[in-house]
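Undergrad: First, the structure itself, so that you have it in front of you.
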Amino acid sequence: PIVESQMSARGEVMVDGRMMNGLEEVVLRDRKHLSEDGMVTVILVIDRHTHRIIAGPDIVSRGFISIDNNEPLIEACKKVVVEAYEECDGESQEQWDVVKVAVRKALRRFLRTETDRYPVILPVVVEVQ
């Protein structure tokens, strides 16, 4: 969508595509954050019964780093994610919200230390039987 800035009698108004009521400040802040630091998606496939990781973690980066040119960093990210998951106790591993928070925190800390950047981190947990 195209975002336009228009001046009104009350100040600047942002118009997003067909939405004429403007944009909320939180939306603009999120877009600015994404444009500056990018996004990292972490995908884990977990066995519902054993709670073991059966696929992944897969790391997808948009606007943060090129995966092809940063293989050592991506591999280190995967290790951080697995360690964060394994540090969750058995009961927590059944609660995907708890797992997502643990993964997000661990990866945020690691990436801040390694890159001095703060990408949006989106953990996705897929449960299979």
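Undergrad: Report P(r) for the stretch 40-129: all Cα-Cα distances, bin width 10 Å, range 0 to the bin holding the largest distance, values in whole percent.
TA: Whole-percent P(r) values from 0 Å outward: 18, 54, 24, 5.
Undergrad: How much net charge surrounds residue 58 when only other residues with a Cβ under 13 Å from its Cβ are counted (Lys, Arg +1; Asp, Glu -1)?
TA: That sum, taken over residues with Cβ under 13 Å, equals 0.
Undergrad: Something else now. What nm distance separates the two modelled labels at residue 54 and residue 118, each placed 7 Å from Cα along Cα→Cβ?
TA: Placing both labels 7 Å along Cα→Cβ, they lie 3.8 nm apart.
No lab work stands behind these numbers, since they all come straight from the coordinates. All of these numbers come straight from a predicted model, not from anything done at the bench. Backbone-built Cβ (ideal geometry, glycine too); neighbour counts: all protein chains shown.
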